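Below: one structure, written as structure tokens.
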Amino acid sequence: MRWAKILISWSLWASMAGGLWAQLVPHTYPAFTRADSLRGALRPERTSWDVNHYNLYLSLDIPKRSIRGENVIRFRVLAPMDRLQLDLFANLTIDRILWNSQSLSFEREHNAVWVQLPETLAEGSEHSLTVQYHGQPQAAAKPPWDGGFVWEEDPTGAPWVGVACEGDGASLWWPLKDHLGDKPDSIRITIEGPDTLMAVCNGDLVTARYPAPGRKSWTWATTYPINSYNVTFYLGQYTHFQDTYESGEYGPLQLDYYVLQGNEPQARKHFQQVHGMLDCFEQYLGPYPFRRDGFALVEAPYWGMEHQSAIAYGNEYENNRYGFDFIILHESGHEWFGNYISMADHGELWIHEAFTTYTEAIYLECTQGADVAQKYLLDQRRLIRNQEPILGPLDVNYTAWPDADMYYKGTWMLHTLRHIVQDDELWWASLRQMYDSLGGGTRTTHTAEVTGYWQQVLGSRLNELAAKMGINPRLGPFFDQFLRCSAPPRLEYALRPAGNQGWFVYYRWANVVPGFQYPLSFALNASPLRIYLPPLRVVPTDSWQRTFIPHSGPLAISPADELFYCIPQQVEVPD
Ligand SMILES: [Zn+2]
């Protein structure tokens, strides 16, 4: 429904704006199916109940690559209902759905499961049902980008198993309400496998048992709400070691590391960087959000994933040329943006990725200074493709972006906003305050709330800039351009001598949404003497404007596109 509204407002823009906005027409997506809506949209069979707790038990048969288990779902009724929707991929078999000891009837449609309840449940009542199931879960072709099980072996030939399901969703391996809008208050997972291995999951280890000869089970539990795609397990020959992070402000935090046997010495050394990272993140973003459950890195048979309080680490102990391990940093950044501040619809994944990618630059600014962070951002900028809007369609669990613009264009959107505002104290305080305003508990957020948040916290500064320089104090067109258009803002500019008195600099925004009226700076270089004049800060609109530069010698200009994301284009002087 929300997507339909966006399309309507877009066609209004397109008809109002005529040819100039030729590239700003709505992006055309392939037709979505009933299966997409079943997975991505809300309906009474999903909204009439709120999940309190999942208790998942899973036994693994590694040679057969199969699983057998059950999930006990505890929930509270929000509106009277006699039918509910669960989700489980169609390739997995449901053996029975139990209500106390009674078997419930159910129907399957694509990956949805319609469960008929024995009676109409009253609002406010609490219940539980148990789904027993088995089968061969889908294997990941290219984890973590394709969801599924990863059936690997460690260097000694022992099994090493894990699962990553961001995008496809948790229902590829366990039955649940697979909508990101409903985080359970907590979860418990038990993994049963060969007793020569160890299972690690989210949260803390509660107990381990020996259910049968040669078999062992490990039960883990979180004490915090969690996104369904963050629920995970790792099964392998693990060594566990611990460390403590002494936070100046928020008290000690337990760090748990699970690495393959033999990797402990290098891991102990390599993971030292976690301390400096947490120093910066706690300073700029807020306290580590899952303190009771602790912070953990778990060596994984795939590159990485932001699994809450059990981050998948598979980067082979390598730092990048900026001296940090990208996977440790990026996936840990998601504990703030993604796991604590969470979207409710996969089409809005930019909320997780743009801010998390920005945490990489924050870390560099915090540890090595703004110049190094700037260089890093310029490296990322080369990866922007402008193929598709970074805000995807809603209610269809959209995952099919052709590029990584929600990461890199997303981080450049934030970098640009910072330089529009030109008030670092306000900028960092606003970022820090997101934690309290949009995160925590079972709440989730969405694009309008995030952009509204920024409008509100930067509002008085934007009004000040509007009065002083004529910028648009409303951020709507700014966010529309970056989130809803694939086309980047194009800056057209020109330079013309003004007799022998000086120069005129001409400029305008092209290919922008109506109202895109934000400042940028030009560097002025009075070559060949290499005298740098103070930068020229202007507010282009979609009409040509000019500014006189009283400098009679040679002059070169270049837009400061290291601070503002746009495509600069020097053009002929307009008539
Ligand atoms: Zn990410």
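The values are calculated or read from the model by the stated rules, or taken from the named source; none is laboratory data. None of the values given here were measured: they were computed from a predicted structure. Note that each Cβ is placed from the backbone with ideal geometry, even for glycine, and that neighbours are counted across all protein chains shown. Surface areas here come from the heavy atoms of the whole protein model, side chains and all, with no ligands, DNA or RNA. Shrake-Rupley method; radii C 1.70, N 1.55, O 1.52, S 1.80 Å.
The orientation-averaged shadow of the Cα convex hull for segment 31-130, equal to a quarter of the hull surface, comes to 7.3 nm². Is the shape of segment 490-575 best called rounded, prolate or oblate, per the rule: a/c under 1.5 gives rounded, else a/b larger than b/c gives prolate, else oblate, with a ≥ b ≥ c the square roots of the Cα gyration tensor eigenvalues? Prolate, because a/c is 1.5 or more and a/b exceeds b/c. Accessible surface of ARG292, taken over heavy atoms with a 1.4 Å probe and every protein chain present, rounds to 150 Å². Taking the charge dipole of segment 322-459 about its Cα centre, with +1 at Lys and Arg Cβ atoms and -1 at Asp and Glu Cβ atoms, the residue from TRP428, GLN380, SER332 reaching farthest to the positive side is GLN380.
Summing Cβ point charges (Lys, Arg +1; Asp, Glu -1) relative to the Cα centre of segment 358-437 gives a dipole of roughly 240 debye. From most to least packed by mean Cβ count within 10 Å, the peptides 91-98, 223-230 give 223-230, 91-98. Protection proxy ranking of 267-277, 117-127, by the mean of other Cβ atoms within 10 Å over each peptide's residues and highest first, is 267-277, 117-127. Spacing of the modelled spin labels on PHE32 and GLU152, each 7 Å from Cα toward Cβ, amounts to 3.4 nm.
At an R0 of 22 angstrom, the distance between the Cβ atoms of ILE531 and GLN368 translates into a FRET efficiency of 0.15. Put a dot 7 Å past the Cα of ARG65, heading toward its Cβ, do the same for THR93, and the two dots end up 1.8 nm apart.
Across segment 183-301, the volume of the C-alpha convex hull divided among the residues equals 113 Å³ per residue.
Here the contact order of the chain, divided by its residue count and restricted to Cα pairs under 8 Å and six or more residues apart, works out to 11 percent. Both radii are taken from the alpha-carbon atoms of segment 407-533; with Rh as the Kirkwood radius, Rg/Rh is 1.06. For segment 76-122, the dipole from Cβ point charges (+1 on Lys and Arg, -1 on Asp and Glu) about the Cα centre works out to 100 debye, to the nearest 20. Computed from the C-beta positions of THR442 and GLN501, the FRET efficiency with R₀ = 45 Å rounds to 0.10.
The distance separating the Cα centre of segment 512-575 from that of segment 385-400 comes to 33 Å. In the chain, the DSSP-assigned H stretches of four residues or longer account for a calculated mean residue ellipticity at 222 nm of -8000 deg cm²/dmol, using -39500 (n - 2.57) per stretch and the full residue count as denominator. With a threshold of 24 Å on the Cα-Cα distance, the over-threshold entries among LYS142/LYS375; LYS375/LYS409; LYS64/LYS142 are LYS142/LYS375. Evaluated with a Cβ-only charge set (Lys, Arg +1; Asp, Glu -1), the chain carries a dipole of roughly 1080 debye about its Cα centre, given to the nearest 20. Rounded, prolate or oblate: pick one for segment 294-449, where a ≥ b ≥ c are the square roots of the eigenvalues of its C-alpha gyration tensor, a/c under 1.5 means rounded, and failing that, prolate if a/b is larger than b/c, else oblate. Note, shape of segment 294-449 comes out rounded. Based on the Stokes-Einstein relation at 37 °C and a viscosity of 0.692 mPa s, and on the Kirkwood radius from alpha carbon pairs, segment 128-261 is assigned a translational diffusion coefficient of 200 µm²/s. So which cysteines of the chain have no other cysteine's Cβ under 4.7 Å from theirs? Lacking a cysteine Cβ partner under 4.7 Å: CYS165, CYS201, CYS485, CYS566. Amide H contacts of ALA498: TRP503, PHE504, each under 5 Å away and 5 or more positions distant or on a separate chain (H built 1.01 Å from N in the peptide plane; Pro and chain starts excluded). The mean sequence separation of alpha-carbon pairs under 8 Å and at least six residues apart, normalised by the residue count of segment 333-373, gives a relative contact order of 35 percent.
Each peptide in 335-343, 453-461 receives the mean, over its residues, of other Cβ atoms within 10 Å, and ordering these scores from highest gives 335-343, 453-461. Size of the chain: Rg and Dmax of its alpha carbons, in Å, are 26.4, 94.
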